[in-house]
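Since every read-out is calculated from the coordinates, none of them should be taken as a lab result. Computed from a prediction, not measured in an experiment: that's the story for all the values here. Backbone-built Cβ (ideal geometry, glycine too); neighbour counts: all protein chains shown.
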Amino acid sequence: MIINIFPKPVYSAPSGLAPEYLVQLAEAMEPQYRPRQQASCFWQTEGNLQEQEVFAPLVELGVERAKAFMSELGFVETNFYVTQMWGNKYQQKELIPPHVHNNSFLSGVLYVQFSEGSGNTYFAEQYDSDLQIEIKQPTIYTVGEQAVPAKQGDLVMFRSNIPHSNYPNRHDDDRITIAFNMMPCEMGRKEKFTYLKWNG
Ligand SMILES: [Fe+2]
């Protein structure tokens, strides 16, 4: 018997946001992409989209889903706030290598313009060691990374310290996502001297 301890939960569900609203978000971001440092980079906006009116419904949705996600995992009901929100546009062949979101508790991705072949998000295992024996067959214990397949309009959320990446966009159409970081408004217990409240 193999007992699978400490699994890593990733939330994935349709956002329920209207297709017209997704188009509106893409249009709002279009003039906001920063100049690219290198031709191989993808396009990104500044990280303050959460302050703009048009993104307010997405901010609200992210917070509600984060509360529900953490509650379903067994944590006490905790309010969250969005610390950063930014747009990403990947043209054909563009990708992002594995990375984590520092100084953040929970991160999310809304797939604004996305279809099969746009490049899924992959989550990577964090090994304590780089020692490795050869793999005979792919299992959840051997592969080291796992895709979370998404559809346009889906919302995916995960703990910010899980390394993740996007495979190259194989489409002519741009892959457009909105990423965001969230922090709990309060954590810990007053009687244990672990209490921390800094927002909300
Ligand atoms: Fe990321």
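Remarks
- Remark: the chain carries a charge dipole of roughly 460 debye about the Cα centre, counting +1 on each Lys and Arg Cβ and -1 on each Asp and Glu Cβ.
- Among beta bridges identified by DSSP and lying wholly in segment 1-156, the antiparallel ones come to about 90 percent.
- Length-normalised contact order for the chain - Cα pairs under 8 Å, 6+ apart - percent: 31 percent
- Dipole of the chain, positive end: most advanced residue of Gln24, Ser12, Ile133 [Cβ charges, Cα centre]: Ile133
- Whole-Hz ³J(HN,Hα) from phi, Karplus 6.51 cos²θ - 1.76 cosθ + 1.60, for segment 66-80, glycine and proline x: 5, 4, 5, 4, 5, 5, 5, 6, x, 8, 5, 4, 10, 7, 10
- Most positive-pole-ward Cα, Ser165, Gly119, Pro149, against dipole of the chain from beta carbon charges: Ser165
- Stokes-Einstein translational diffusion, segment 110-194 - Kirkwood Rh over all Cα pairs, 0.692 mPa s, 37 °C, in µm²/s: 208 µm²/s
- Segment 64-107, Cα convex hull volume normalised per residue, Å³: 119 Å³
- Cα-centred dipole magnitude for segment 97-200, charges only on beta-carbon of K, R (+1) and D, E (-1), debye, nearest 20: 520 debye
- Ranked Thr78, Thr45, criterion: other C-beta atoms within 10 Å, fewest first: Thr78, Thr45
- Panel order for Arg34, Arg159, Arg175, by other beta carbons found within 10 Å of each beta carbon, from fewest to most: Arg34, Arg159, Arg175.
- Think of the chain as having a plus end and a minus end, set by charges on the Cβ of Lys, Arg, Asp and Glu; of Ser71, Val109, Thr83, Ser71 sits farthest toward the positive end of this dipole.
- Placed amide H near Asp154: partners under 5 Å, 5+ positions off or other chain: Ser15, Tyr111
- For segment 1-71, the relative contact order is 23 percent, taking Cα pairs closer than 8 Å that sit 6 or more residues apart in sequence and dividing their mean separation by the residue count.
- When only alpha carbons are used to place a centre, segment 121-200 and segment 6-28 end up 15 Å from one another.
- Fewest-first sequence of Glu64, Glu30, Glu191 by Cβ atoms within 10 Å of each Cβ: Glu191, Glu64, Glu30
- Our analysis of the chain gives Rg over Rh at 0.99, with the two radii drawn from alpha carbon positions and Rh computed by the Kirkwood formula.
- Considering only Gly47, Gly144, Gly153, the Gaussian network model of the chain with Cα springs below 10 Å gives its largest mean-square fluctuation to Gly144.
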